[in-house]
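Below: one structure, written as structure tokens.
The values are calculated or read from the model by the stated rules, or taken from the named source; none is laboratory data. All values derive from a computational prediction rather than experimental measurement. Virtual Cβ from ideal backbone geometry, glycine too; neighbours counted across all protein chains shown.
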Amino acid sequence: MSDPSLPYMARSKTNRSTDPLVSLIVPVFNEEEVIGHFLDVVTKVMREGNIAHKFVFVDDGSSDTTAALLSERLEAGLPGHLIGLSRNFGKEAALTAGLDHAHGDVAVVLDADLQDPPELIPQMIEGWRAGYDVVYGLRVDRTSDSPLKRGSASAFYKLFNRLSNIDLPHNAGDFRLIDRTVIEALKELPERNRFMKGLFAWVGFSAMALPYERPARAAGTTKWNYWKLWNFALDGLTGFSTVPLRVWSYCGAGVAALAFAYALFLVLRTLFFGIDMPGYASTMTAILFFSGIQLLSIGIVGEYVARLFNETKKRPIYMVRDVISDPERPRESAEQSRESDD
Ligand code: UDP
Ligand code: MG
């Protein structure tokens, strides 16, 4: 067991031969149909691998019986806590809440719908023991997603990697194991716009990919729709790249150069061939084209200004309504759930 008095940064990676306490961070939003099955599967994997673990459920404002089901299980001895948020803040905020309340040596972030196979957790811990700070799941097979979702996701990753300075691995989700040093690093990031995939990549650290086939949702329905995904993509791009904002200077310079050349041509033509009145179509086309470009560029500036506005308000990322914990148990009897070390 690692010495809890040592600061995390001072721990050497050789400590990793010991069994870590794993915080399982699970954001849940109206998952009553799947949560019971999820708990059975995960608990079985943890028991078989003899993995010390604690759940950190974040109830993201569920309006069904998810929270009641979870608190029942916690009271019955399931190790961990349930952080109840005061309303639905979105998965990214829920993950942030989970990371803030995780006390383990490592954290594993996973969805409640069993699309992130818990069977991979022992392999992730092996990767961690080998010295990696991050072990992330890489989806090799996305046939459970629709072709439109796959196509748009692939286009997004390409665009993101081209525009930003960080490299987002294609087809990596939030499913990953991270070391305590990485958790502490993530907690240092103050921004309100929590594009977690980007933040995970931004903090760096040594990372290993673990390929897996992503199954379909075990039960219940997805909480995403295309409008949400579009806004999520905008959050990602504006959060990690200023290229969309700066590109207009170059567009403007290019257009001005062309306009100057065209103006010169018009002047010379008028000098040599006289005044030529018709030209309604070309004038209209130019006006419409350039007003379109201007509105578009102002709109993009607006996207950044709106986010600046949200950041400057410095509102908390989430609000906690209540925290429900497993019953306090004496240290000796809590084999499956070692006491947290901070
Ligand atoms: N989730 C959440 N808050 C939300 C939406 C989703 O905490 O506002 C949780 C959800 O309960 C699940 C995970 O995030 O555990 C992934 O959601 P979902 O399966 O709907 O997304 P998908 O897998 O379709 O991308
Ligand atoms: Mg899912």
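A few notes on this one:
- Checked against (1) in contact with an Asp or Glu (Cβ under 8 Å, 6 or more places away or on another chain); (2) assigned to a loop (DSSP other than H, G, I, E, B); (3) within 25 Å of ASN225 (Cβ to Cβ), GLN115 meets all criteria but (1).
- Test: ALA185 is within 16 Å of ligand 1 (Cβ to nearest atom) and either surrounded by 14 or more Cβ atoms within 10 Å (Cβ to Cβ) or closer than 24 Å to HIS103 by Cβ (or both): no
- Any chance ARG176 is within 16 Å of ligand 2 (Cβ to nearest atom), within 18 Å of ILE51 (Cα to Cα), in contact with a Phe, Trp or Tyr (Cβ under 9 Å, 6 or more places away or on another chain) and outside any loop (DSSP other than H, G, I, E, B): yes
- Pair list, Cβ < 9 Å and 6+ apart or interchain, from segment 197-224 residues that are touching a residue at least 40 places away in the same chain (Cβ under 8 Å) and among the charged types (D, E, K, R) to residues that are part of a helix (DSSP H, G or I) and within 16 Å of ligand 1 (Cβ to nearest atom): LYS223/LYS91
- The listed residue being basic (Lys, Arg), modelled with pLDDT of 85 or more and closer than 27 Å to LEU82 by Cβ, out of ARG329, ARG307, ARG315: ARG315
- Selected residue (only one of SER63, SER144, SER71 is within 12 Å of ligand 1 (Cβ to nearest atom), touching a residue at least 40 places away in the same chain (Cβ under 8 Å) and farther than 26 Å from VAL182 by Cα): SER144
- Qualifying residue in segment 278-298 (condition: away from ligand 2 (no atom under 16 Å from the Cβ) and in contact with a Cys (Cβ under 9 Å, 6 or more places away or on another chain)): yes
- Residues satisfying the stated conditions in segment 129-140, i.e. within 25 Å of ASP40 (Cα to Cα) and either within 16 Å of ligand 2 (Cβ to nearest atom) or part of a helix (DSSP H, G or I) (or both): GLY137, ARG139
- In segment 54-95, the residues that are closer than 22 Å to PRO20 by Cβ, part of a helix (DSSP H, G or I) and either modelled with pLDDT of 95 or more or under 17 Å from the mean Cα position of the chain (by Cα) (or both): LEU95
- Residue list for segment 220-249, restricted to those being within 11 Å of ligand 1 (Cβ to nearest atom) and surrounded by 15 or more Cβ atoms within 10 Å (Cβ to Cβ): GLY220, LYS223, PHE232
- Boolean, LEU85 is in contact with a strand residue (DSSP E or B) (Cβ under 8 Å, 6 or more places away or on another chain), more than 10 Å from ligand 1 (Cβ to nearest atom), at negative phi and not polar (S, T, N, Q): no
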